[in-house]
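A quick write-up on the structure given underneath.
The values are calculated or read from the model by the stated rules, or taken from the named source; none is laboratory data. For clarity, every value in this text was computed on a predicted model and none was experimentally measured. Positions of Cβ are backbone-derived with ideal geometry, glycine not excepted, and every protein chain shown enters the neighbour counts. With ligands, DNA and RNA removed, areas are computed over all heavy atoms of the protein, side chains included. Shrake-Rupley method; radii C 1.70, N 1.55, O 1.52, S 1.80 Å.
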2 protein chains.
Amino acid sequence: MLDNFFNKLSKGMTLTEAEKAIFRQHISVKRLRKHQYLLQEGEICKSVAFVSKGMLRSYLVDEKNNEHIIQFAPEGWFISDLNSFITEDISSLNIEAIEDSELILISKASHVYLETAVPGFYKFNYLQYRGAYMSLQKRLTDMFMLSTEEKYTKLLSIYPDITQRVPQHMIASYLGLTPETLSRVRKKLFVKKD
Amino acid sequence: MLDNFFNKLSKGMTLTEAEKAIFRQHISVKRLRKHQYLLQEGEICKSVAFVSKGMLRSYLVDEKNNEHIIQFAPEGWFISDLNSFITEDISSLNIEAIEDSELILISKASHVYLETAVPGFYKFNYLQYRGAYMSLQKRLTDMFMLSTEEKYTKLLSIYPDITQRVPQHMIASYLGLTPETLSRVRKKLFVKKD
DNA sequence: ATTATTTCTTGATTCATATCAATACATTGG
DNA sequence: CCAATGTATTGATATGAATCAAGAAATAAT
């Protein structure tokens, strides 16, 4: 069950068996059933979570009670409220399992410890965040440059199985659209394909 | 003139005099006058630039020839087309000086060298990208959650001197607005303040 | 100084998407 | 099985921002 996690690490750093043992002592495993929360706004984000199975989403709620999805995290991804994790301020984010999920948690203390105990961990984190930064930059420019229709089709091309795993209104929220608008966009797309 | 650069590095890592010497051997200095380009679309991004003086912007041009500003980089910031830098594919970004500027360039080969020659450089980069990732996440959620007026006032509160240094139509582009819309938003704001 | 160029403002109109409202459809739970 | 809840569709209308167009203001160039 830690295999996914060590696999992920191995992609950004060299990882010895001894180091794996150190990791094992500094992580914990958590299971969430669908609809359960890893974090709710107002709490402090105590750990970074690696998703070894299932899927989570993080979202914000605005004054009008609209949800805005920040991130989906299927297996192989990390999720947290980074800002709260680092500053230890209260979080404005909610993180919820949208499938039954298995998580590997790294607490702040453990993270700090691992950074010095496992030298390659800096490199891993560097590559991890650099990649995350690049993806986010693409997402932002897509928001600016693409039409609503293109945003949706591009999302499908990158994550083809997303419609099977994520309800449509959440996809709409992730794209910054109302459910109604996404429904109409899809209608147009399917008419075209006939 | 390298002081700004070493200061920046020191904020994320410990930096010995010996390491400074290594850096000096692996960086180059470049001056750009206003309107000159560090990178134009179609080229390969050969280096990451640290802005020690002045200010640059990176932007994309869409099919309708509209510019979309991705980033402003005043002194103390890094700028590049990360994607092109890493993959060595051609860039779709333009990077232009919007003031007379002084840059410190790190080529790809140097970057790779420095990562191993200066152990703390991983830590620096990790923190750098982690911070950049968090800022970008805020920018994205602001785009989703704030009204046009709020986007502008928030930008002003974070970068109060931006109106002095950056033409208004570029601020509009950065916020994803047309110049006309920003002009009208400002009019409303100033009427209110009377 | 005077012209040229860039930047900003203002008005009229169009367009895309949000909003509001109702209904259909699907899934879950007692 | 039926109610309850959650999810998706569809229509009518409102709204905010884009677009088109013209002119004013500011800045730079000769």
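Computed quantities for the displayed model
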item: Proximal charge balance of B:PRO74 [Cβ under 9 Å; K/R count +1, D/E count -1]; result: -2
item: Gain in span if fully extended, A:LYS64 to A:THR181, counting 0.36 nm per residue against the direct Cα distance; result: 40.3 nm
item: Surface per residue (accessible, 1.4 Å probe) for the protein assembly as shown, Å²; result: 51
item: Extension gain from B:LYS188 to B:SER107, taking 0.36 nm per residue of separation minus the Cα-Cα distance; result: 24.5 nm
item: Pair B:THR16, A:ILE86: separation of 7 Å Cα→Cβ label points (nm); result: 2.8
item: Long-range lysine pairs (8 or more apart or interchain), segment B:3-120, Cα under 19 Å; result: 12
item: Equivalent ellipsoid, segment B:1-52 (semi-axes from 5 times Cα gyration tensor eigenvalues, Å); result: 26, 12, 10
item: Point-to-point label distance, B:LYS34-A:ILE44, nm (Cα→Cβ direction, 7 Å offset); result: 4.8
item: Summed residue charge, Cβ within 12 Å of A:TYR126's Cβ, Lys/Arg positive, Asp/Glu negative; result: +2
item: Taking the C-alpha atoms of segment A:146-194, convex hull volume expressed per residue in Å³; result: 75
item: Degrees between helix A:179-192 axis and first principal axis of chain A (Cα, 0 to 90, nearest 10); result: 70
item: Magnitude of the charge dipole, the protein assembly as shown, Cβ model with Lys/Arg +1 and Asp/Glu -1, debye to 20; result: 300
item: Qualifying GluC sites (Glu not before Pro) for segment A:67-138 [loop in DSSP, other Cβ within 10 Å: at most 13]; result: A:GLU88
item: Under 17 Å from the Cα of A:LYS188 - lysines, other chains or at least 8 residues apart; result: A:LYS151, A:LYS154
item: Between 0 and 90°, nearest 10: helix B:120-145 axis offset from chain B longest Cα axis; result: 10
item: Residues of segment B:117-140 buried by at least 50 Å² on assembly (accessible area, 1.4 Å probe, chain alone as reference); result: B:TYR122, B:TYR126, B:TYR129, B:ARG130, B:TYR133, B:MET134, B:LEU136, B:GLN137, B:LEU140
item: Computed [θ] at 222 nm, helices only, for chain B once each DSSP H run of length n ≥ 4 contributes -39500 (n - 2.57); result: -15000 deg cm²/dmol
item: Once the Cα gyration tensor of chain B is diagonalised, semi-axes √(5λ) in Å; result: 32, 19, 16
item: Average beta-carbon neighbours from other chains, 10 Å sphere, peptide B:6-16; result: 0
item: Segment B:36-159, accessible surface, carbon-and-sulfur percent (1.4 angstrom probe); result: 52
item: Protein accessible surface hidden between A and B, which excludes ligands and nucleic acids, total in Å², probe 1.4 Å; result: 3300
item: Per-pair calculated FRET efficiency, R0 = 30 Å: A:TYR159 and B:LYS154 via Cβ, rounded to 0.05; result: 0.50
